[in-house]
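Have a look at the structure below, then the notes.
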Amino acid sequence: MNTRFGAFEVDLDRRRLLKRGVPIALREQSFQVLAALMEHAGEIVTREELRRRLWASDTFVDFEVALNSAVSRLRDALGDSAECPSFIETIPKRGYRFVVPIPKRPAVAVMPFANQTADAKDDYLSDGLTDELIRVLSRIDGLKVTAGSVVFRFKGQRCDARQVGRELGVEAVLEGSVSRAGDRIRITVNLVGVKDGFNLWAQRFDGNLAGLFAIQDEVCGAVAEALHIRLASQLPKTHPSNANAYMQHLKGTYLLKRRRPDGIRRAFEYLQEAIRLEPDYAEPYYGAAMFYIVSTAYGAMPPRTALPEAEALLLKGLALDENSATLHSTLGMLRMFQWRWAESEQEHRRAINLEPGNAFPHMCYPILCSFLGRHEEAVFHAVKAVELDPLDLMTNFRLVQATCYARRYEEAVRAGRIAIELTPDSPYTYFYLALSLAALGSSEEAWDMANAGRKLAGGMPLGEGYFGYLAGALGHATEARTVIRNLQARREQAYSPALPIVGTYLGLGETADALSWLQTALTERDPFLGSMMVFPAYDRIRDHLEFKRVAGELKLSTG
């Protein structure tokens with residue numbers, strides 16, 4: 001949603017400033033000042049708050065001069081002046097204030113629908129309906145929707161809608177329940193105004209599963225109408241005609257969301273069945289492709305086998321729904337794994353442009369930016385992802401990873417501690433926190449974090465590689481050599497990636513063996529090989545000709 005003031009129009013998500021429809025060039029720091037002021041229109045934003053937003057704590061810059069320059073350039077772009085401000089007022093010795101009122105986007109929270117069926121196995125239906133409503137409502141321009149990771153922490157609780165709404169900062173709360181008997185369903189829905197607690201809209205639906213899609217559309221339309229949002233067009237129609245295909249999709253998506261290794265294969269089987277029942281339904285193609293991407297990322301399937309399968313699924317899905325930000329983002333990740341950097345960039349940008357308020361594209365993009373050495377951009381999108389979905393495991397992990405890759409270790413430690421408190425089940429958050437602690441000299445705590453991450457990773461090669469590097473780097477050579485032996489033995493039985501062995505040898509300081517295995521990773525087209533450009537383990541071999549040769553094969557610059 002664009003915000004207008006005077007002759008200007010600002011798209012905060014895409015970072016664009018226009019005057020009467022014509023784009024105005026504005027440097028990143030000046031735009032960040034504008035964004036901060038607009039987000040707190042009418043309030044004082046202190047110079048210290050702006051400093052923290054614009055520069056990392058370890059950045060060497062004259063903050064006063066740099067901030068004055070950023071504000072001055074912004075005023076020039078707006079045709080404003082400090083002496084007679086139309087937009088930006090200087091508050092002496094404190095900061096600045098945006099003096100033009102900015103209308104707030106109405107916001108709604110979709111609470112987890114209660115499963116009124118006796119069988120807990122039907123949670124996939126109530127959770128799936130909640131997710132679908134969040135997804136479709138999020139695509140309505142002008143409406144802000146609370147992220148699923150935030151609302152699902154209330155699942156199973158009896159909550160007062162007004163209290164929850166105030167806590168979440170929304171104008172309305174949508175709550176409801178689902179019950180099922182065979183193919184018959186009953187759905188009750190209430191939209192509650194947070195200000196006074198009155199029902200803005202309520203309805204009960206009785207029907208069969210085939211009518212579920214019409215119910216979803218009616219609910220979304222009613223929410224928009226109650227919050228006085230004019231729908232520019234019809235809601236996106238991505239529903240299948242086959243109700244059973246939809247049920248299989250919901251079951252598969254439910255298992256994928258739980259992120260349990262034992263559920264990934266079952267999720268894939270449900271999604272495959274959804275595709276078989278209705279090949280022209282786009283939604284299941286994302287989850288089915290993710291099965292192959294996750295399988296190769298975790299070392300369970302060779303890239304040469306898995307990635308073409310994922311590619312075929314994603315391209316088919318996009319042929320059915322070319323405006324799916326999720327599919328474009330996932331294809332962007334796949335292209336990165338295939339070392340097709342420009343195509344990856346194109347897909348990520350397309351996804352963000354399609355749905356700038358969706359956390360998923362912002363979460364996927366930073367790893368590509370990091371591999372290409374664009375660390376400020378990586379951190380920006382990682383922060384944006386956390387802002388949009390603050391309790392999600394992957395958004396929090398990505399911020400830790402992006403700040404670690406940028407060598408902003410103090411920020412990475414802060415982000416890591418927050419992430420572990422919010423989502424304690426992510427092994428890779430522990431590993432990147434350990435890397436950052438080790439870089440800051442906190443070896444004992446780093447070793448504790450490494451062991452915690454290993455326990456959660458469950459023996460997967462990727463996790464063993466992180467642990468092996470940290471073991472070697474922190475002086476636990478025996479553990480590191482055990483990792484190498486186990487990984488090599490695994491390769492004798494089935495596919496297992498070479499890159500974890502590279503990292504472990506680097507932790508031990510054995511560069512010749514590391515470089516030899518790096519060549520193996522290149523030959524096997526390891527999807528994470530681009531990480532060698534930024535992962536701290538590789539610092540000791542960046543000047544080696546063999547490292548530069550591999551980087552050249554990847555078409556990545558070592559300059």
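For the reader, a short list of remarks on this structure follows.
- Near residue 206, once Lys and Arg are set to +1 and Asp and Glu to -1 for all other residues with Cβ below 9 Å from its Cβ, the sum equals +3.
- Above-threshold pairs, the threshold being 25 Å between Cα atoms, out of 144/384; 104/384; 155/251; 93/144; 144/195: 93/144
- Qualifying GluC sites (Glu not before Pro) in the range 12-44, DSSP loop, other Cβ atoms within 10 Å at most 12: 43
- Footprinting exposure proxy for 516, 426, 81 (fewest neighbouring C-beta atoms within 10 Å first): 81, 516, 426
- Kyte-Doolittle mean at least 1.6, axial Cα span of 15 Å or more - DSSP H helices of the chain: none
- Antiparallel DSSP beta bridges within the range 107-237, as percent of all bridges there, nearest 5: 75
- The peptide list 17-26, 480-489, put in order of mean Cβ contacts within 10 Å with the highest first, becomes 480-489, 17-26.
- Charged neighbours of residue 268, selected by a Cβ distance under 15 Å, balance to +3 (K, R count +1; D, E count -1).
- Three-way shape label, the range 315-409, alpha-carbon gyration tensor, a/c 1.5: oblate
- Full extension of the chain between residue 102 and residue 155 yields a length gain of 15.7 nm, computed as 0.36 nm times the residue separation minus the alpha carbon distance.
- Reciprocal of mean inverse Cα separation for the chain (Kirkwood radius, Å): 25.5
- Ordered from longest to shortest, the equivalent ellipsoid semi-axes for the range 387-427 are 16, 10, 8 Å, each the square root of 5 times a Cα gyration tensor eigenvalue.
- Taking a quarter of the surface of the Cα convex hull of the range 140-183 gives a mean projected area of 4.6 nm².
- Translational D in µm²/s for the range 107-237 (Stokes-Einstein at 25 °C, 0.890 mPa s, Kirkwood Rh from C-alpha pairs): 166
- In a fully extended conformation the segment linking residue 76 and residue 258 would gain 60.5 nm over its present Cα-Cα distance, using 0.36 nm per residue.
- Sorted by Cβ density within 10 Å, fewest first, the residues 425, 119, 389: 119, 425, 389
- Additional length obtainable on full extension of the chain from residue 322 to residue 482, 0.36 nm per residue less Cα span: 52.8 nm
- Qualifying trypsin sites (Lys or Arg not before Pro) in the range 48-142, DSSP loop, other Cβ atoms within 10 Å at most 15: 93, 94, 104
- Inter-label distance, nm, simple model (7 Å from Cα along the C-beta direction), residue 516/residue 166: 6.8
- Segments 497-506, 82-91, 284-293, 406-415 sorted - mean Cβ within 10 Å per residue, highest first: 497-506, 284-293, 406-415, 82-91
- Positive-end extreme of charge dipole, the range 107-237 - chosen from 159, 129, 203 (charges on Cβ): 159
- Calculation over all alpha carbon pairs of the range 22-111 in 10 angstrom steps from 0 returns a P(r) of 15, 48, 26, 9, 2 percent.
- Gyration tensor (alpha-carbon) shape descriptor, the range 459-559, a/c threshold 1.5: oblate
- Within the range 247-328, the GluC sites (Glu not before Pro) that combine a DSSP coil assignment with at most 13 other C-beta atoms in a 10 angstrom radius are 322.
No value in this document is a laboratory result; all are computed from the given coordinates. Small disclaimer: the values here were computed from a predicted structure and weren't measured. All Cβ positions, even for glycine, are placed from backbone atoms using ideal geometry, and neighbour counts span all protein chains on display.
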